[in-house]
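The values are calculated or read from the model by the stated rules, or taken from the named source; none is laboratory data. Small disclaimer: the values here were computed from a predicted structure and weren't measured. Please note: Cβ atoms are built from the backbone with ideal geometry, for glycine as well, and neighbour counts cover all protein chains shown. Heavy atoms of the whole protein, side chains included, go into the accessibility calculation; ligands, DNA and RNA do not. Shrake-Rupley method; radii C 1.70, N 1.55, O 1.52, S 1.80 Å.
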Amino acid sequence: MLPAVLSGFAAALVASWLHRLERETAGWIIALLPAGLFLYFSGFIEIIAAGDTVAVSYAWVPTMGINLSFYADGLSLLFVLLISGIGTLVLIYSGGYLKGHPQLGRFYSFILIFMASMLGLVLADNAITLFVFWELTSLSSYLLIGFDHKREGARFAALQALLVTALGGLALLAGLLLLGQAGGSLELSVLLSRGELVRAHPLYTPILFLILAGAFTKSAQFPFHFWLPNAMEAPTPVSAYLHSATMVKAGVYLLARLHPILGGTDIWMYVVTGVGAATMLVGACLALRQTDLKRILAYSTVSALGILTLFLGLGTPAAIKAAVVFLLGHALYKGALFLVAGAVDHETGARDVDRLGGLRQAMPITAAAGGLAALSMAGLPPLFGFIGKEMLYEAAYGSLGAALPLTSAVVLASMIFVAVAGMTGFGPFTGKKTSTPKHPHEAVMSLWLGPMLLGLSGLLLGLLPASVGNSLLSPAIEAVSGQAGDLELTLWHGLNPTIALSAVTLAGGAGIYAGREALRRAASRLQMTSWWGPARWYSLLLDGLNVLARGQTRLLQSGYLRYYLLIIIATALGLAGPKLASLGGPPGLVSWQEVRFYEWSLAALILLAALVAIRSRSRLGAVAALGVVGYGVALVYVLFGAPDLAMTQFMVETLTVILFVLVFYHLPRFARLSSGLVRARDALVAVTAGALITTIILFSSNVQFHPKISGYFAEHSLPLAHGRNIVNVILVDFRGLDTLGEITVLAVAAVGVYALLKLRLREEKSK
Amino acid sequence: MKILLILPPLIPLTAAALSLLSWRWRSIQRVLAVAGTAGLLGTALALLDQVWRKGIQATQVGGWPAPFGITLVADLFSAIMVVLAGLTGLAVAVYSLASMDARREEHGYYPLMHTLLMGVCGAFLTGDLFNLYVWFEVMLMASFVLLALGGERAQMEGAIKYVTLNLISSALFLAAVGMLYGAAGTLNMADLARKLSHVAESGLVTTLALLFLVAFGIKAAVFPLFFWLPASYHTPPVAVSAIFAGLLTKVGVYALIRVFTLLFVQDVGFTHTLILVVAGLTMVTGVLGAIVQNEFRRILSFHIISQIGYMIMGLGLFTLPAVAGSVFYIVHHIIVKTNLFLVSGVARRLRGSYELKRLGGLYQACPGLSILFLIPALSLAGMPPLSGFFAKLSLVRAGLEGEQYAIVAAALGVSLLTLLSMTKIWAEAFWKEETKREPKQEAAIEPEPRASWSLLLWPIATLAALTVAMGVAAEPVFTLATRAAEQLMNPADYIRAVLGEGP
Amino acid sequence: METVLAFVIGALYAAGLYMMLRRSIVKLIIGLAILGHAANLLIFTASGLTRARSPIIPEALSRPLAPFADPLPQALILTAIVIGFGVQAFALVLIHRAVQTGGTDDLDKMKATDT
Amino acid sequence: MTSLILSTTTRFLLPLLLMFSIFLLLRGHNEPGGGFVGGLLAAAAFALHAIAYSVGATRRLLIIDPRALIGAGLLIAVASGAAPLAAGLPFMTGQWWSPEVPALGKLQIGTPLLFDTGVYLVVLGVTLTIILSLAEE
């Protein structure tokens, strides 16, 4: 199974090259891969219908408990077949739709990467592996949505989709890791049997919310739904693929997959059902306001995703059955409708439903495919959409507690679906022929094959529901509900309340369709919704982030070196000061009497010189004062037994002063630049820092944990290192490595001085 | 083969000395640049192999027994860092051949690069606190000159801030070493570790630890001590930026990890919690700084800060998996960040600017380069299955296990913002249509030598391949990082390797 | 004397930092130099002072007469002085060039590279 | 600027100062002194020459570029440290010989002295590079 999952990535590597080789037929050739995968995984149907699962596992990062483990049960298999099946059609379609596009080769690669990521996602057993593929779908969809990358709108939409889904992805990652901690394993197949344990865990609520955040953002649930319609910037085959069967269903897949582990609690039911219901209604209402074919379909997809979430939230056996059946039906007709919309757009150059009409003569096959899909979406028998809708009603009607509001909401959404089906599947083909930017012809075969096959399969499944019901959908339902159950799919349920509801739906839907323009006008008066809608929050959030970032950066990275220094000094004081203060009373001071007079004088001299350096208005004065400080320090070395130090200090100080004079002799006097207040503040900070240093020295000079190691040097300097000047012996022998570093520093300094003085690129250029 | 311990600083030094002798012959210096760094990388790999097989290695320089002489020690962490220094050095050396202008080459660029590597390797390998100071200075001095080499105005302004703030750090470090020696009477880190482990006056030790935290914190560019980095990293030629970005702050991080696992573990509840808070703030401020920027290298520079937060997050959590996460993160980051800077240089050469508004059209014109940018950029943002994902994953996981939810939230949030600013570069420099070039722009700031594209692209491609490999085959790197973390968290082995079975 | 020096060192730190906080680039570097002196003196003081006798082994003896000054900090300071000299020389030329290219010694006017 | 007195004095002083600097280098192991101080003194001697004559004259007198002195000094230092590696000893392990030299008696010659000579050369080269470059400014 692993090669099957990864084959898409491998194919992505060669797709571009293949396209260069075979410009005309590359799409057909590449489509062989998903077609092969479809056949390969069809072979699993029998095994899984018999109640078995297929699993493989390879160690990936065992240290972290990450395995490349895959696991196919009914739920995975349903998704896998949709992904590979629709993937085949989409690849063929792309070859026609983007014919002649200079970057078609890259497009194939991205689609293949996307497909492989989806396959990995739905087959993954290990939670981290699942997450890896999850993120890969976000990433490849970013590249696909932004495929038309020269337009700013496409870039914006791609980024929006990526940010929203990645935000949820990060929550998901945290949630999965916590789930692993709570359940003691990262393998989903193991966790499935540990639902009790997880639900009783104190971290259950945070885990649930984190994972739901991931699922809801990915599946465009309210209030994260706004990215999906914007993602219609993508070329139509991408929209068809990502937004009918695959990417946006990943969140639904996750909910279904984790239902046995996390579901069944009150909090699950309220949150998931609530969000699903809100999404269903918001999506349906917003769909009515659109006139762009693809945007209508996009909002109706949002609504459909809401329906799926809603029923997974209910979690009753009937609800789960309904959700799974609806999922399949929706994937088939929505994929077909998107592809039809693309074909219409491709042939006419228009996507506005008000400007399209009467295309059935020019595009009979496309019209037939669109009609089939629309009938299924409208839920008319004998199409598969009808069965799905009936089951939704049944489950809603049968739900305890909230049957009435729930059923009415679902009926309302379904009515709008009927209208949407009319607008997208019938409207463009019926009525008066309109003039369009391009003169319409029937699309080429690669463009009508996909929608036709999808539309026909909706019809076929509607006529023979039992075949697919028993072998494919039953195992899926079992996987979601976590218990065995049987599914008897039939087209005709007899005369019962749901049939009545269907009739009402159809009538209402027809009414909405007829009155759609009036409704749209009414809705456009409510234009303000977009002002407070979540898309607005998104941009507000980004703007706010920018403002915050700008303010913070201006404050911190101000460009003023003295502020940097102040902050650093203040940090050191703020950290070390309190700690030092907490050490207790002042350290015992040594007696002052032992300090000799000349030592007092020396100290005074150093301090005086430092003061002069600060106060001096002339540069030379300041430099001379610095020299005096240096000589004073050298005298300290003389007094306390360090002749080598003193000698070096004297020479270095002299040389430094000479260098200072060489560099500065021609510069003017200091100007007093800071105000008195600033100087007082700086003085306060500086004195505090000095006081801190003094205190630490007083503390540490009274403390001696251990005898020093220097006795060794005195002992061995002469006999082993052949030198009487111990300091020198340390420098060239005991610690010669320090000296090696030291002379390297000197060498580099010399190179630096030389280069700075001799190499002046800007000036050279201006000459 | 104890000689392997001294070679990492010695090879660059020899190469530097020979380059100084052949001052007038640029071609010899160029050969030495590649030979020296390749030799360094080879030695480093041999050293890593030896430490992996035989455990922590130590040698007493000058033959004087520890703790009296200077000890060089290589545990796995050190060895890994030396390998990374060699790798970065080689990549940048090859890249420099094609990107460095002749005038800078004539004025000491290559010897400076060697001494920089020498200082870095010395810092990674030394077992002596004062010797660490010396290596820091070697590295700093070389970086000062590299930063200023060329004498352009922006370079001068950046260099002044860089030099001043780093010298403050050095002065603080030196003072702290002096006081520590005054109190504990030794400089050998293993010896210090042993002596500090049973000390009554832990308050004083903690105060000194805080001084070290500030001193190394400045070098590592953590909040709120990072100012020198964004002020300077975008001013020198790109090869210099790249090696700085890869290595310099990481030496600070290395030092922090070293002293806060080996020496200052008396009051973990205080010091390491403090480090954790600093880590969080560093991540957030860094990434916010990046969001504001509109210039390729400035964005990358602020991200360095942000990533430093991740590296010390593991130290702050102070558990075995967390420290392993830090080690993994460092490995990942050095490779990726160096590479991104190298890519920015190619973009600059193609379009004549680092300003995003003047870039564009690279996706259409150079699909290969686009991939070579996307790999490190997405890795930086922690996208699977690249190295950055596993780096982030291990830290997040360690944070969750340690129930430090705030830092985990920060780490995840910051990775989203990192993604935001990487996609900003992508959208502006690659996706966007090429902007019309102004004629003025053609007059590039540096004189461009004749392009030799393969010299530019090979290092980038190799580093990108490593990024992918570290993700797809994360297990070996993880095992390595975990073993390294085990050594760090159990200093007894380190102390024994240096001092033998002493009291 | 340690106590007196502790105060001297503290004062030198204060003086150095105060000068570094000025806007003039020349004061900045003088401040840095003072800071360097202070750090060296700190090492010298923190490891204990001994009057007069230097760590040199007299002729005909095999080890110095106790008490003698601790040679190790002396060696460390020597290294630090030399390094400081190199850094100082480079920094001097650096600010010289900065003043030349920027046309000012006011640090507040050197902030173009930050934002 | 060149005064006759200064230039004449320098002519005598230069060799004297150089010899003294070498003396400082050699005795450094036993008395205050050493490579660093010696190198500085030698550099001061050449600086004096540069003041007395001209920078160009000093460069001609030196024959080799001071930067080459830096490289050579570093190489000597490295070589002195690396020599014991050949014998399988750690880097910088001191190696000593005590040859009898007529008139001087028994001498102690060792790699640490060689190392200090490297220091001397580096310091000389560095200081000269800095001073001469600045003087040419």
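Pairs meeting the criteria (first residue in the range A:428-445 and closer than 16 Å to A:Leu293 by Cα and modelled with pLDDT of 85 or more, second residue open to solvent by less than 50 Å² (accessible area, probe 1.4 Å) and not polar (S, T, N, Q), beta carbons under 6 Å, at least 6 apart or on different chains) are A:Pro428/A:Val344; A:Pro428/A:Leu356; A:Pro428/A:Leu359; A:Phe429/A:Leu359; A:Phe429/A:Ala367. The helices (runs of 4 or more DSSP H) falling completely within the range D:51-137 that include 3 or more residues that are over 16 Å from the mean Cα position of the chain (by Cα) and closer than 23 Å to D:Leu26 by Cβ map to D:66-86. One residue stands out in the range A:710-754 among those that are open to solvent by 10 Å² or more (accessible area, probe 1.4 Å) and hydrophobic (A, V, I, L, M, F, W, C): the one that is nearest to C:Ala80 (Cα to Cα), namely A:Leu731.
Here are B:Ala123, B:Ala154, B:Ala142: which of them is open to solvent by less than 10 Å² (accessible area, probe 1.4 Å) and more than 28 Å from B:Leu196 (Cα to Cα)? Being open to solvent by less than 10 Å² (accessible area, probe 1.4 Å) and more than 28 Å from B:Leu196 (Cα to Cα) holds for just one of B:Ala123, B:Ala154, B:Ala142, which is B:Ala142. In this structure, does A:Val302 turn out to be under 30 Å from A:Lys99 (Cβ atoms), surrounded by 22 or more Cβ atoms within 10 Å (Cβ to Cβ) and touching a residue at least 40 places away in the same chain (Cβ under 8 Å)? So A:Val302 does not fit the description; no.
For the range A:701-743, enumerate the residues that are free of Cβ contacts under 8 Å to residues at least 12 places away in the same chain, facing another protein chain (nearest Cβ under 7 Å) and of a type in the set (A, V, I, L, M). A:Val703, A:Ile709, A:Leu718, A:Leu731, A:Val732, A:Leu737, A:Leu740, A:Ile743 - these are the residues of the range A:701-743 that are free of Cβ contacts under 8 Å to residues at least 12 places away in the same chain, facing another protein chain (nearest Cβ under 7 Å) and of a type in the set (A, V, I, L, M). When the range A:278-298 is filtered for residues that are in a helix (DSSP H, G or I), open to solvent by 30 Å² or more (accessible area, probe 1.4 Å) and not charged (D, E, K, R), the ones remaining, listed by number, are A:Ala278, A:Leu281, A:Val282, A:Cys285, A:Leu286.
Each residue in the range A:329-385 was checked for being assigned to a helix (DSSP H, G or I), under 22 Å from A:Ala510 (Cα atoms) and of a type in the set (D, E, K, R), and 3 pass. Go through the residues of the range A:468-491 one by one and say whether even a single one is among the β-branched types (Val, Ile, Thr) and open to solvent by 80 Å² or more (accessible area, probe 1.4 Å). No, every residue in the range A:468-491 fails to be among the β-branched types (Val, Ile, Thr) and open to solvent by 80 Å² or more (accessible area, probe 1.4 Å). Scanning the range A:33-56 for residues that are surrounded by fewer than 17 Cβ atoms within 10 Å (Cβ to Cβ), closer than 23 Å to A:Glu187 by Cβ and hydroxyl-bearing (Ser, Thr, Tyr) turns up nothing.
The residue that is surrounded by the most Cβ atoms within 10 Å (Cβ to Cβ), counting only those in the range B:196-212 that are facing another protein chain (nearest Cβ under 7 Å) and within 22 Å of B:Ala123 (Cα to Cα), is B:Leu210.
Within the range D:99-112, can one find any residue that is within 11 Å of chain B (Cβ to nearest Cβ), in contact with a strand residue (DSSP E or B) (Cβ under 9 Å, 6 or more places away or on another chain) and modelled with pLDDT of 90 or more? So far as the range D:99-112 goes, no, none of its residues is within 11 Å of chain B (Cβ to nearest Cβ), in contact with a strand residue (DSSP E or B) (Cβ under 9 Å, 6 or more places away or on another chain) and modelled with pLDDT of 90 or more. Checking each residue of the range A:135-157 against the condition of being at pLDDT below 95, farther than 14 Å from A:Pro235 by Cα and not in a helix (DSSP H, G or I) gives no match. None of B:Ser170, B:Ser143 is under 17 Å from A:Leu746 (Cα atoms), part of a helix (DSSP H, G or I) and in contact (Cβ under 8 Å) with a residue 60 or more places away in the chain except B:Ser143. Note on the range C:96-106: residues that are open to solvent by 10 Å² or more (accessible area, probe 1.4 Å) and part of a helix (DSSP H, G or I) total 5.
Just a yes or no: is a residue in the range A:120-129 surrounded by 22 or more Cβ atoms within 10 Å (Cβ to Cβ), of a type in the set (S, T, N, Q) and in a helix (DSSP H, G or I)? Looking through the range A:120-129, at least one residue is surrounded by 22 or more Cβ atoms within 10 Å (Cβ to Cβ), of a type in the set (S, T, N, Q) and in a helix (DSSP H, G or I). Within the range B:161-175, the set of residues being at the interface with chain A (Cβ under 7 Å from one of its Cβ atoms) and farther than 20 Å from B:Asn131 by Cα comprises B:Lys161, B:Thr164, B:Leu165. Which number in (1) surrounded by 24 or more Cβ atoms within 10 Å (Cβ to Cβ); (2) part of a helix (DSSP H, G or I); (3) not acidic (Asp, Glu) marks the one condition that C:Ala69 misses? C:Ala69 satisfies all of (1) surrounded by 24 or more Cβ atoms within 10 Å (Cβ to Cβ); (2) part of a helix (DSSP H, G or I); (3) not acidic (Asp, Glu) except (2). Residues in the range B:333-368 that are of a type outside the set (A, V, I, L, M, F, W, C) and within 14 Å of chain A (Cβ to nearest Cβ): B:Lys357, B:Gly360, B:Gly361, B:Tyr363, B:Gln364, B:Pro367, B:Gly368. Within the range B:223-256, being out of contact with any Gly (no Cβ under 7 Å at 6 or more places or on another chain) and open to solvent by 10 Å² or more (accessible area, probe 1.4 Å) holds for B:Phe223, B:Pro224, B:His234. Is it fair to say A:Ala161 is out of contact with any Pro (no Cβ under 9 Å at 6 or more places or on another chain), at pLDDT 95 or above and among the small types (Gly, Ala, Ser)? Against the criterion (out of contact with any Pro (no Cβ under 9 Å at 6 or more places or on another chain), at pLDDT 95 or above and among the small types (Gly, Ala, Ser)), A:Ala161 does not qualify. Screening A:Leu143 on (1) more than 24 Å from B:Gly402 (Cβ to Cβ); (2) more than 10 Å from every other protein chain (Cβ to nearest Cβ) shows it passes everything except condition (2).
Is it the case that the range A:442-455 has a residue that's within 37 Å of the chain's Cα centre (by Cα), assigned to a loop (DSSP other than H, G, I, E, B) and either among the aliphatic types (A, V, I, L, M) or loosely packed, with under 13 Cβ neighbours inside 10 Å (or both)? Taking every residue of the range A:442-455 in turn, none turns out to be within 37 Å of the chain's Cα centre (by Cα), assigned to a loop (DSSP other than H, G, I, E, B) and either among the aliphatic types (A, V, I, L, M) or loosely packed, with under 13 Cβ neighbours inside 10 Å (or both).
Name the residues in the range A:606-644 that are free of Cβ contacts under 8 Å to residues at least 12 places away in the same chain, facing chain C (nearest Cβ under 9 Å) and among the small types (Gly, Ala, Ser), would you? Scanning the range A:606-644 gives a single hit, A:Gly641. Filtering the range D:77-107 to residues that are closer than 26 Å to B:Leu18 by Cβ, open to solvent by 50 Å² or more (accessible area, probe 1.4 Å) and of a type in the set (A, V, I, L, M, F, W, C) leaves D:Ala79, D:Ala83, D:Ala86, D:Ala87, D:Leu89.
Please indicate, with yes or no, whether at least one residue in the range B:112-131 is assigned to a helix (DSSP H, G or I), among the hydrophobic types (A, V, I, L, M, F, W, C), free of Cβ contacts under 8 Å to residues at least 24 places away in the same chain and under 22 Å from B:Gly217 (Cα atoms). No, every residue in the range B:112-131 fails to be assigned to a helix (DSSP H, G or I), among the hydrophobic types (A, V, I, L, M, F, W, C), free of Cβ contacts under 8 Å to residues at least 24 places away in the same chain and under 22 Å from B:Gly217 (Cα atoms).
From the list A:Leu698, A:Leu746, the lone residue that is in a helix (DSSP H, G or I), within 7 Å of chain C (Cβ to nearest Cβ) and in contact (Cβ under 8 Å) with a residue 60 or more places away in the chain is A:Leu698. Being hydroxyl-bearing (Ser, Thr, Tyr) and in a helix (DSSP H, G or I) is a property that A:Ser435 lacks.
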